[in-house]
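The values are calculated or read from the model by the stated rules, or taken from the named source; none is laboratory data. Since we're looking at a predicted model, the values are computed, not measured. Don't worry about glycine lacking a Cβ; one is built from the backbone with ideal geometry, like all the others, and counts go over all protein chains shown.
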Amino acid sequence: MMGRLIAITLVLFLVLTADASKRTKHHKAGKHEKSQNSECPAAETRFGKCVPDHGDCGDGLRETICRDQVEKIHCRIPCNWKKDISDCKYRFGPWGPCDTATNTKTRSGTLKRALFNAECQTTIKVSKPCSHKTKKTRGEKSSN
C-alpha cells in the first residue's frame, strides 16, 4: 500500500513539473518585451532592428540603447513578411487587378503605427504574384 502511494505521488509530481515547465516555456512577457532597465524612460530608449538568429525570419535579438547601456531583447520577424518593414504596421486596401505583363498584383498601405521607434514610410506598395486559379461564383460548376 505504501509503495502504491509513493508511485502515485511520484507520477503526480512529474505531471505537475512537466506542466509548469511547458507554461514557462510558452509564456510571453506582454505584447512587446520591455527592456530590463527600469531607470531609463521609454522616450530615451533607442531600439535597433530585429536580427533573426537564423536566415531571414523567426526568433532573434534587438539591441536597446539608453544612455550608456546597451541591452539585447528577444524579437521575432514573421516568415511571411518583408524584413525591412517588420517594425512598421500598415492598414492595407484591397488587391488590385493582375498586371499580365509582370504577372503581379499590388496594393497600397498607410502607416498605422511604428513599433520600437522605427523609421517608417507613411505609405507603401507591396506586390505578389497573381494566382493561377480563377474564382468561381456560387452558381458555377466545374467542368470535368
Answer yes or no as to whether Thr9 is outside any strand (DSSP E or B), surrounded by 10 or more Cβ atoms within 10 Å (Cβ to Cβ) and modelled with pLDDT under 85. yes
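Being modelled with pLDDT under 85 and over 27 Å from Glu39 (Cβ atoms) is the requirement here; does Lys135 meet it?
Against the criterion (modelled with pLDDT under 85 and over 27 Å from Glu39 (Cβ atoms)), Lys135 qualifies.
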Flag for Lys105 being basic (Lys, Arg) and farther than 30 Å from Glu44 by Cβ: yes
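Every residue, every condition in (1) modelled with pLDDT of 90 or more; (2) not assigned by TED's automatic domain parsing to the domain that holds Glu39; (3) not charged (D, E, K, R), yes or no:
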site: Cys50; (1), (2), (3): no, no, yes
site: Ile77; (1), (2), (3): no, no, yes
site: Phe92; (1), (2), (3): yes, yes, yes
site: Cys98; (1), (2), (3): yes, yes, yes
site: Lys105; (1), (2), (3): yes, yes, no
site: Ser108; (1), (2), (3): yes, yes, yes
site: Lys125; (1), (2), (3): yes, yes, no
site: Lys141; (1), (2), (3): no, yes, no
site: Asn144; (1), (2), (3): no, yes, yes
